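The values are calculated or read from the model by the stated rules, or taken from the named source; none is laboratory data. Everything numeric in this text was worked out from a predicted model, so none of it was measured. Because the Cβ atoms are built from the backbone with ideal geometry, glycine has one as well, and the counts that use them run over all protein chains shown. For accessibility, only protein heavy atoms count, side chains too; no ligands or nucleic acids. Shrake-Rupley method; radii C 1.70, N 1.55, O 1.52, S 1.80 Å.
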Amino acid sequence: MEKAQNFRNKLQKISGIIQKNKYMSSISNGLAAVMPVLIGGAIFSLIDSLNLQIYQDFLVSTGLKTLTSLPAQVTTNVISIYVVFSIAYGLAESFKKSGFAAGIIAIMSFLIVTPMGKMEDQTMGISVQWLGAPGLFVAMLVAILVARVYVLVLDKEFYIKMPKGVPPTIEKSFAAIVPSMVIILIMLAIRGIFASTAYTSIHQFIFTIVQTPLTALGGSWPAFLICVAATSIFFFLGVHGPLVVYSVMGAIWTPLQIENMTAFQNGMDLPNLIVPAASLMIYAGIGGTGATIGLAFAMLRAKASRYKTLGKLTVVPSLFGINEPLIFGMPMVLNTKLIIPFVGMPLLGAGLSVVATSIGLLPPLRGIAPMGTPVVVSGFIDGGWKVALFQVLLIILSYVIYYPFFKKVDNQEYKQEIAGAENAEVTA
């Protein structure tokens, strides 16, 4: 028991280091901050792409089609611009510097290293090719580099100082001029160096050498299943599993999700069979970490009043993927009696979804269902009726797998309640 506690303490320490790392947290928080943009675009994409001929004819005939397709063009198709600002903003703020100034400079820097070309009317323009998912890794790197250089220059007090009495907004603007010039020179050097190579741009280099291999690895089914298992194991040891896993894998998973969202919005075949971030919510984490929705329903039939009450309190939140009350109310932390279904059920759900998707029984997920969408509804939004039906089967499977383990725990608790009541009567 002491060894297990020591291991748990070490794991929590490592988890704390990861979560407190300014660079990791700025990427994780930056990606999370742009979710409203992604979700907004995804919802309108669903509205625009609803596969009903009468509905589509109505949109075209009324001219609404040009409006319903617009949100996707300014959200997922240019998501890298939002990400580069968000990450640079968060990182600069973590160093107690102006996040807004760092974010603006980061956007400028990202555009400097992004290839331009002549349009059909011979005017210069920027292709959206590198403004969407393919440019995400460069956006992350540029954001971190810009924010760090910006902070470093200010820390060295190498900036224009204004006299007292100048409004703070003006003072911050002038303070950002020197860091901005330094960063521009760095970005021009980066653009010039890569322009002289066979890759022609940092975007093409990163996409070929880094992003493609990483996303292929991170989007593989073995990596996905490992992350699914790790999420439950972390929570069993008292560490917030989803937070730790997403902090590490978010930068790799997000491009996969956006690629599928973009393809869906454009009426194209979805390129990625596995979209880990969406699959974790739709399949592996149905009802929350550990796929505990079946346990919540099993508690409604509990003998022990404690578990019956807990079931009533947690079953509705579980339908929305919120199961922290169940995890800590059970509790699931260091609960060896329930560790087998707690780790095994998510793996089973994830494994079945991978097989079913690979052989064509299930469609690839679009990655557009917002977090917190109730089960079945989330499946229908993200993959249609087949995914929704599969979620129903997973709920039943979760109940079947959790029930025999829970029954033993419930019987033990019920005996203790009976014994406690008898002792109370004797004492009285």
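Observations on the model:
- Verdict on residue 152 being among the aliphatic types (A, V, I, L, M) and within 24 Å of residue 277 (Cα to Cα): no
- Hits in the range 314-352 (condition: within 21 Å of the chain's Cα centre (by Cα) and farther than 24 Å from residue 373 by Cβ): 343
- Within the range 151-188, tally of residues that are under 15 Å from residue 108 (Cβ atoms) and without any contact (Cβ under 8 Å) to a residue 12 or more places away in the chain: 2
- The single condition among (1) without any contact (Cβ under 8 Å) to a residue 12 or more places away in the chain; (2) not in a helix (DSSP H, G or I) that residue 192 does not satisfy is (2).
- The set of residues in the range 380-417 that are at pLDDT 90 or above and in contact with a Ser or Thr (Cβ under 9 Å, 6 or more places away or on another chain) comprises 387, 388, 390, 391, 394, 398, 402.
- Selection of the range 376-387 for residues being small (Gly, Ala, Ser) and either touching a residue at least 24 places away in the same chain (Cβ under 8 Å) or in contact with an Asp or Glu (Cβ under 9 Å, 6 or more places away or on another chain) (or both) yields 378, 379, 383.
- Of all residues in the range 195-236, those that are in a loop (DSSP other than H, G, I, E, B), buried (at least 18 other Cβ atoms within 10 Å of the Cβ) and within 23 Å of the chain's Cα centre (by Cα) total 1.
- Any hit, the range 157-166, residues being of a type outside the set (Gly, Ala, Ser), in a helix (DSSP H, G or I) and open to solvent by 20 Å² or more (accessible area, probe 1.4 Å): no
- Residue that is farthest from the chain's Cα centre (by Cα), among those in the range 281-296 that are open to solvent by 10 Å² or more (accessible area, probe 1.4 Å) and touching a residue at least 60 places away in the same chain (Cβ under 8 Å): 285
- The range 30-122 holds helices (runs of 4 or more DSSP H) entirely within its bounds, and those carrying 2 or more residues that are more than 21 Å from residue 251 (Cα to Cα) map to 35-49, 53-62, 65-68, 70-73, 99-112.
- Take the conditions (1) more than 28 Å from residue 136 (Cβ to Cβ); (2) at pLDDT below 75; residue 18 misses just one of them, which is (1).
- Every pair of residues 6+ apart whose Cβ atoms lie under 6 Å, when the first sits in the range 248-272 and is in a helix (DSSP H, G or I) while the second is hydroxyl-bearing (Ser, Thr, Tyr): 250/28; 252/215; 255/215; 256/215; 258/76; 261/76; 262/76; 265/45
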